[in-house]
1. Go through region 1-32 and report how many residues are in a loop (DSSP other than H, G, I, E, B) and either over 29 Å from R97 (Cβ atoms) or hydroxyl-bearing (S, T, Y) (or both).
2. Wholly within region 57-175, which strands (runs of 3 or more DSSP E) include no fewer than the required count, namely at least 2 residues that are modelled with pLDDT of 80 or more and under 24 Å from G9 (Cα atoms)?
3. For the structure I just gave you, tell me whether P45 is within 24 Å of T66 (Cα to Cα) and part of a loop (DSSP other than H, G, I, E, B).
4. Can you name the residue in region 65-87 that is acidic (D, E) and surrounded by fewer than 17 Cβ atoms within 10 Å (Cβ to Cβ) and, of all such residues, is farthest from T39 (Cα to Cα)?
5. Would you mind stating whether S14 is free of Cβ contacts under 8 Å to residues at least 24 places away in the same chain, surrounded by fewer than 10 Cβ atoms within 10 Å (Cβ to Cβ) and among the small types (G, A, S)?
6. So, T39, is that one under 24 Å from A100 (Cβ atoms), surrounded by 10 or more Cβ atoms within 10 Å (Cβ to Cβ) and among the polar types (S, T, N, Q) or not?
7. Within region 50-64, identify whether any single residue is exposed (fewer than 12 other Cβ atoms within 10 Å of the Cβ) and more than 17 Å from the chain's Cα centre (by Cα), and answer yes or no.
8. Among the numbered conditions (1) without any contact (Cβ under 8 Å) to a residue 24 or more places away in the chain; (2) over 18 Å from the mean Cα position of the chain (by Cα), tell me where A34 comes up short.
Amino acid sequence: APVDWKTYGADLASTRYSPLDQINKDNFSRLKIAWRLNTSAFGRPDTLYSATPLLIDRVLYTTAGTRRAAVALNAATGEMLWMHTEDEGVRGENAPRIGAGRGLAYWPGANGADRRVIYVTPGYRMLALGTRGREPERQIEGREKLRGVLARIVGDDDDQPCQPIEPHEPGRRED
């Protein structure tokens, strides 16, 4: 049975453990590369590639290249199912950190039906991409969502400075 790798460290405890036993000391030396991802179409070569792919339902999700494109791949064949990248203009071109980054995060949704991969662009925009079908579904942009939350807290006027939020007692819920 397939085993998913849904977070950077395999699970929320970051155990980096998989119970799979197909590879062992007896067959390790006979392993062959099944496929490779050519990232040349995703911007300049990324010499510091360090993204950890996620495996969910036999689909591999990762970021690739200096454009930090989010990609979904058939885990068995390497076929690209979809790719998403943002044209951030000057914001992206002047980003202090270019490259593939550390990868994506996964959110299963409240009932498992609204699954998303969370993606941070080189220009520091956070996007949630739906995982159904052969095309990513752009769900929310983190900046837009955050602006909405802040507008409810401090008002809608972008030109006004934010008011400090009063501290509250730990463990005490304030509605």
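1. First, the residues of region 1-32 that are in a loop (DSSP other than H, G, I, E, B): 1-4, 6-27, 31-32.
Still in the list and also either over 29 Å from R97 (Cβ atoms) or hydroxyl-bearing (S, T, Y) (or both): 1-3, 7-8, 14-15, 17-27, 31-32.
Of the residues in region 1-32, 20 are in a loop (DSSP other than H, G, I, E, B) and either over 29 Å from R97 (Cβ atoms) or hydroxyl-bearing (S, T, Y) (or both).
2. Working: elements: 59-64, 69-74, 80-84, 105-107, 116-120, 126-130, 137-141.
Result: 59-64, 69-74, 80-84, 105-107, 116-120, 126-130.
3. Values: within 24 Å of T66 (Cα to Cα): yes; part of a loop (DSSP other than H, G, I, E, B): yes.
It is true that P45 is within 24 Å of T66 (Cα to Cα) and part of a loop (DSSP other than H, G, I, E, B).
4. Keep residues of region 65-87 that are acidic (D, E), which gives 79, 86-87.
Filter again for surrounded by fewer than 17 Cβ atoms within 10 Å (Cβ to Cβ), leaving 79, 87.
On the way: E79: 13, D87: 18 Å.
Once the filter is applied, the top-ranked residue is D87.
5. Working: free of Cβ contacts under 8 Å to residues at least 24 places away in the same chain: yes; surrounded by fewer than 10 Cβ atoms within 10 Å (Cβ to Cβ): no; among the small types (G, A, S): yes.
It is false that S14 is free of Cβ contacts under 8 Å to residues at least 24 places away in the same chain, surrounded by fewer than 10 Cβ atoms within 10 Å (Cβ to Cβ) and among the small types (G, A, S).
6. On the way: under 24 Å from A100 (Cβ atoms): yes; surrounded by 10 or more Cβ atoms within 10 Å (Cβ to Cβ): yes; among the polar types (S, T, N, Q): yes.
So T39 passes the test.
7. no
8. Condition (1) is where A34 drops out.
The values are calculated or read from the model by the stated rules, or taken from the named source; none is laboratory data. In this text, all values refer to a predicted model and were calculated from it rather than measured experimentally. Quick reminder, even Gly has a Cβ in these numbers, built from the backbone with ideal geometry, and neighbours come from all protein chains shown. Surface accessibility is based on the protein's heavy atoms, side chains included, excluding ligands, DNA and RNA. Shrake-Rupley method; radii C 1.70, N 1.55, O 1.52, S 1.80 Å.
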